[in-house]
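So the structure is just underneath, and the comments pick up after that.
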Amino acid sequence: MDFFNNEVFLIAITFVSFIGAQLLQRKLGLKLLNPILVSMIVLIVFLRSAGIEYDTYKEGGKFIEFWLKPAVVALGLPLYKQLSAIRKQILPLLISEMAGCVAGIVSVVLMAKFLGASHEVIMSLAPKAVTTPIAMEISGAVGGLPSLTAAVGYAPASSGAWQDFR
């Protein structure tokens, strides 16, 4: 059972479940089979059946979190290459980004409250409108769970945003 508690194994099982969930969604063509949701369910079932505590699993997650931060920095180069186009459209971009962020935060907080989520969960969901590493830092600062924030901050492949990282 020590093998199941190994951080590298737990990271590997996370990636395998996520990639498997992506393949399942593509093969069946069902948008309802969100890879994050499916992989979370698979991981929960696995952790419970193997008797692995969440804190043990979370220890391996710190390595994934570590690599999310440089990924955000790497997004700077494509933005820099489009700087002239961005400058031409700065006002509409700023207004639409602000409106989208506010609508995202308000809608998720109200829905979470309506569904009876705890304060900790609400604080984990609220910063979802920004990039995942930044949202995780905000979540931790306001009393949320950064790991939950990371899970809800994922952009599905169908949106096109995630495809840039492949």
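The values are calculated or read from the model by the stated rules, or taken from the named source; none is laboratory data. Bear in mind that the values here come from a model prediction, so they are computed numbers and not experimental data. Note that we place each Cβ from the backbone using ideal geometry, even for glycine, and neighbour counts take in every protein chain shown. Surface areas here come from the heavy atoms of the whole protein model, side chains and all, with no ligands, DNA or RNA. Shrake-Rupley method; radii C 1.70, N 1.55, O 1.52, S 1.80 Å.
Computed values, structure above
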| quantity | calculated |
| --- | --- |
| Degrees separating the helix 90-114 axis from the principal Cα axis of the chain, which is the longest one | 40 |
| For the chain, built as a Gaussian network whose Cα springs stay under 10 Å, the top-fluctuating residue of 96, 39, 124 | 96 |
| Whole-number accessible area per residue in Å² for the stretch 14-104, which is evaluated in the context of all protein chains at 1.4 Å | 76 |
| Using alpha-carbon coordinates, inclination of helix 132-141 to the longest axis of the chain, degrees | 80 |
| Dipole axis of the chain (+1 Lys, Arg; -1 Asp, Glu on Cβ), positive-most option in 142, 84, 152 | 84 |
| In degrees, nearest ten, helix 35-50 long axis to first principal axis of the chain (Cα) | 20 |
| Relative pair counts by distance (%), Cα atoms of the chain, 10 Å bins | 9, 30, 37, 19, 4, 1 |
